[in-house]
Amino acid sequence: MMGAEKPALGFAEVDELELSSPAGSPPPPPRKMHSLDFEHIGSLAAVAESLSPGSRWGRALTSVRVVIFQAKINVLLPFGPLAIMLHYLSGKHQGWVFLFSLIGITPLAERLGYATEQLACYTGPTVGGLLNATFGNATEMIISIYALKNGMIRVVQQSLLGSILSNMLLVLGCAFFAGGLVHSDRDQVFNKASAVVNSGLLLMAVLGLMFPAVLHFTHSEAQYGKSEVALSRFSSCIMLVAYASYLFFQLKSHRSMYSPIVDEEEAIEDVEDEKEITQWEAICWLFILTIWISVLSGYLVDAIQGASDSLNLPVAFISVILLPIVGNAAEHASAIMFAMKNKLDITLGVAIGSSTQISMFVIPFCVVIGWMMGREMDLNFQLFETATLFITVLVVAFMLQEGTSNYFKGLMLILCYLIVGASFFVHVDPDAINWAPAAIII
């Protein structure tokens, strides 16, 4: 009767283990299933904690996901490595290397603008615009020095000029046009005082470029072939001092003058900017993207001559018009994004600030570096290019004098850039020779 009764499961298992054990042998160790489960759970929890958004590795993975995988334009990133592979596997298809490099740089430049926008959330609009202009022109300075080392002075001049024209007409025009369409019910307002200061610096840059050209074409040099270069070097030193004074004026002594103008309703809505990555992550991405763009730029400029032959386009047109469109993609994307968010002060800091930095810092810097290298880099950009820059600065200065923008002003700037582009398409550079260009504006 009692044997018919079914004992509890736990006691039955213990009896079976004791009965099945041979005499004199120790019983098998008890099972520690529950403790092992706790250990596995603890290890999984540690891994999950290490990959959580608040941890170091979790933040890194989140940053990579946001910067690399979030933007749809990054599907073009593989074209960069493909261009490098094609460059080494086949030296005959330089046109394809140029095209692939051009496509591969585009998403990198756009992401550079995104990283700068994120950094501007921590530094403010004034420093943010200055940082965007600086990182947008960093590669340009590196490639320009490389070109100077190889004696390609004319290409450096045309590329620098093309970047200024692209920023002032195309980038600013598209920003005004896009911002005007989004905010079509009213004119957008920006800081008029800072715009006037930038316009004055651009006119000073035109002054510095004009006199060496006039001295050359009037044949009024005191010492032929030497006075023009000497004047360019002296003017470059003065322009560098002026730009350094401008930075002190902007960031230190008159910082309040560059405070952004924002409507009260938008100020309430935008109390906190959208911060998707941290400040140090944004700085790290700026350096990584700038280095990668510099690498691709080297392959791109080496293939320009081959692309010119295959596309049957003048090298001057490619240097002045086509390259800055892609090279200024960082400024282009950032300026449009900020204009659509009604942050025109950052837009001006990106577009006009970049033009000011090129004309007042990069060009004089290249003259001084060429001086150290023994290269006679001067400020004589030829009569056609100098006149184009002078008219462009005047048009933009008139557009900025009211302190307001709308889509019609943007449309006029875009149409002016089309006229400039057509002019360079039919223009023959008097100093054109068979050289391979080695400068690009980024």
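If you check Ser319, Ser310, which single one turns out to be out of contact with any Ser or Thr (no Cβ under 7 Å at 6 or more places or on another chain), within 21 Å of Ala83 (Cβ to Cβ) and in contact (Cβ under 8 Å) with a residue 24 or more places away in the chain?
That would be Ser310, the only listed residue that is out of contact with any Ser or Thr (no Cβ under 7 Å at 6 or more places or on another chain), within 21 Å of Ala83 (Cβ to Cβ) and in contact (Cβ under 8 Å) with a residue 24 or more places away in the chain.
Note down all Cβ pairs under 9 Å where the first residue falls in the stretch 172-184 and is closer than 14 Å to Ala335 by Cα and modelled with pLDDT of 90 or more, the second is open to solvent by 10 Å² or more (accessible area, probe 1.4 Å) and of a type in the set (Asp, Glu), and they're at least six residues apart or on different chains.
These pairs meet every condition: Gly180/Asp187.
What single numbered condition from (1) at pLDDT below 85; (2) in a helix (DSSP H, G or I); (3) over 25 Å from Val127 (Cβ atoms) fails to hold for Ile268?
(3)
Restricting attention to the stretch 248-257, does a residue exist that is closer than 21 Å to Ser405 by Cα, out of contact with any His (no Cβ under 6 Å at 6 or more places or on another chain) and either open to solvent by 50 Å² or more (accessible area, probe 1.4 Å) or of a type outside the set (Val, Ile, Thr) (or both)?
yes
Only one of Gly162, Gly200, Gly173, Gly179 is buried (at least 19 other Cβ atoms within 10 Å of the Cβ) and more than 29 Å from Ala316 (Cβ to Cβ); which?
Numbers: Gly162 fails: more than 29 Å from Ala316 (Cβ to Cβ); Gly200 fails: buried (at least 19 other Cβ atoms within 10 Å of the Cβ); Gly173 fails: more than 29 Å from Ala316 (Cβ to Cβ).
After ruling out the rest, the residue left standing is Gly179.
When you look at Phe211, is it touching a strand residue (DSSP E or B) at 6+ places or on another chain (Cβ under 8 Å) and not small (Gly, Ala, Ser), yes or no?
Details: touching a strand residue (DSSP E or B) at 6+ places or on another chain (Cβ under 8 Å): no; not small (Gly, Ala, Ser): yes.
Answer is no for this residue.
Within the stretch 394-413, how many residues are open to solvent by 10 Å² or more (accessible area, probe 1.4 Å) and not aromatic (Phe, Trp, Tyr)?
Selection size over the stretch 394-413: 11.
Do you know which residues across the stretch 85-122 are open to solvent by less than 30 Å² (accessible area, probe 1.4 Å) and hydroxyl-bearing (Ser, Thr, Tyr)?
Selection gives Ser90, Ser101, Tyr114, Thr116.
Can you tell me how many residues within the stretch 217-246 are touching a residue at least 24 places away in the same chain (Cβ under 8 Å) and open to solvent by less than 50 Å² (accessible area, probe 1.4 Å)?
Summing the residues that are touching a residue at least 24 places away in the same chain (Cβ under 8 Å) and open to solvent by less than 50 Å² (accessible area, probe 1.4 Å) in the stretch 217-246 gives 11.
Write out, first by first residue and then by second, each pair whose Cβ atoms fall under 8 Å of each other, whose residues are 6+ apart or on separate chains, and whose first residue, in the stretch 370-387, is on the phi > 0 side of the Ramachandran plot while the second is open to solvent by 60 Å² or more (accessible area, probe 1.4 Å) and not polar (S, T, N, Q).
Cβ pairs passing all conditions: Gln382/Pro430; Gln382/Asp431.
Give the residue, chosen from Gly374, Gly353, Gly349, Gly298, that is at pLDDT 80 or above and more than 30 Å from Gln188 (Cβ to Cβ). Lay out the reasoning, then the answer.
Working: Gly353 fails: more than 30 Å from Gln188 (Cβ to Cβ); Gly349 fails: more than 30 Å from Gln188 (Cβ to Cβ); Gly298 fails: at pLDDT 80 or above.
Answer to the check: Gly374.
Assuming Ile391 fulfils every condition listed in (1) open to solvent by 30 Å² or more (accessible area, probe 1.4 Å); (2) of a type in the set (A, V, I, L, M); (3) within 13 Å of Ile164 (Cβ to Cβ); (4) touching a helix residue (DSSP H, G or I) at 6+ places or on another chain (Cβ under 7 Å) apart from one, which condition is it?
For Ile391, the failing item is (4).
The values are calculated or read from the model by the stated rules, or taken from the named source; none is laboratory data. Bear in mind the structure is a predicted one, so any value in this text is a computation, not a measurement. Don't worry about glycine lacking a Cβ; one is built from the backbone with ideal geometry, like all the others, and counts go over all protein chains shown. Side chains included, ligands, DNA and RNA excluded: accessible areas come from the protein's heavy atoms. Shrake-Rupley method; radii C 1.70, N 1.55, O 1.52, S 1.80 Å.
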